[in-house]
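Asker: Got a structure for you, written out below as structure tokens; questions coming shortly.
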Ligand SMILES: [Zn+2]
């Protein structure tokens, strides 16, 4: 499956009834879009995985300061603007991980409204994907407790992928080369390597194609 469709599935993409033309993007569109915006805290993303996987991914997310995701036809910036919350551009990164697209990922931050919040500012990485029809743009947002590095974005992306595949995929699988049953966390390598082997049903006995 193409990574965008995996991601689209993960985030249960939001669609609005009347989003066909730019002309519709008035106040009503913004208000509807904000209502339809979905947030996925790290706990939501990991609720379908087994205990071992969610424990591991929680610690990986913690180290990357990754907090969760959002998906909407509106960007999170539009929501902040609507709420009169000032945000700051923090730079941009080009493609990351094994994502096949060449999407720019823009980074922004805003001051946390809750003074008791652990982090002074919330950082978010935003990029847009073009779905089936040209007029359908979905903005994917990843939230962080500090300014994310490229590595942290990869982590967030991979956690979203694991979240989407654990719904219909066992966390243990039989290797398609030698038949050995293995839990994906017993595969060698970092999160990205483990995930690649798992998606290929390879316990590691067969070298991956370069
Ligand atoms: Zn094997």
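The values are calculated or read from the model by the stated rules, or taken from the named source; none is laboratory data. Just so you know, these numbers come straight off a predicted model, no measurement behind them. Positions of Cβ are backbone-derived with ideal geometry, glycine not excepted, and every protein chain shown enters the neighbour counts.
Asker: Residues in segment 160-197 that are out of contact with any strand residue (DSSP E or B) (no Cβ under 6 Å at 6 or more places or on another chain), without any contact (Cβ under 8 Å) to a residue 60 or more places away in the chain and more than 17 Å from residue 48 (Cα to Cα): how many?
Answerer: Of the residues in segment 160-197, 15 are out of contact with any strand residue (DSSP E or B) (no Cβ under 6 Å at 6 or more places or on another chain), without any contact (Cβ under 8 Å) to a residue 60 or more places away in the chain and more than 17 Å from residue 48 (Cα to Cα).
Asker: Follow-up. Can you name the number of the only condition in (1) at pLDDT below 85; (2) in contact with a helix residue (DSSP H, G or I) (Cβ under 8 Å, 6 or more places away or on another chain) that residue 23 fails?
Answerer: Among (1) at pLDDT below 85; (2) in contact with a helix residue (DSSP H, G or I) (Cβ under 8 Å, 6 or more places away or on another chain), residue 23 violates only (2).
Asker: Just name the residue that is nearest to residue 143 (Cα to Cα) out of those in segment 61-83 that are in a loop (DSSP other than H, G, I, E, B) and modelled with pLDDT under 90.
Answerer: Checked segment 61-83; the qualifying residue nearest to residue 143 (Cα to Cα) is 75.
Asker: Which of the residues that make up segment 174-184 are near the ligand (Cβ under 10 Å from one of its atoms) and either within 21 Å of the chain's Cα centre (by Cα) or on the phi > 0 side of the Ramachandran plot (or both)?
Answerer: Correct list: 179 only.
Asker: Looking only at segment 185-209, which residues are away from the ligand (no atom under 13 Å from the Cβ) and in a helix (DSSP H, G or I)? Spell out the reasoning first.
Answerer: From segment 185-209, those away from the ligand (no atom under 13 Å from the Cβ) are 185, 189-196, 199, 209; that's our starting set.
Residues satisfying the conditions are 185, 191, 192, 193, 194, 195, 196, 199.
Asker: Within segment 154-173, identify whether any single residue is at pLDDT 90 or above, assigned to a strand (DSSP E or B) and either in contact with a helix residue (DSSP H, G or I) (Cβ under 9 Å, 6 or more places away or on another chain) or away from the ligand (no atom under 13 Å from the Cβ) (or both), and answer yes or no.
Answerer: yes
Asker: Could you list, in sequence order, all residues of segment 113-132 that are in a loop (DSSP other than H, G, I, E, B) and modelled with pLDDT under 85?
Answerer: Across segment 113-132, the qualifying residues are 113, 114, 115, 116, 117, 118, 119, 131, 132.
Table: residues versus (1) surrounded by fewer than 21 Cβ atoms within 10 Å (Cβ to Cβ); (2) under 21 Å from residue 58 (Cβ atoms).
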site	(1), (2)
144	no, yes
149	yes, yes
178	yes, no
183	yes, yes
195	yes, yes
201	yes, no
204	yes, no
207	yes, no
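Asker: Which numbered condition in (1) surrounded by 14 or more Cβ atoms within 10 Å (Cβ to Cβ); (2) in contact with a helix residue (DSSP H, G or I) (Cβ under 8 Å, 6 or more places away or on another chain); (3) outside the structural domain of residue 34 (by TED's automatic domain parsing) is the only one that residue 188 fails?
Answerer: (1)
Asker: Right, residue 74: buried (at least 21 other Cβ atoms within 10 Å of the Cβ) and closer than 19 Å to residue 172 by Cα or not?
Answerer: no
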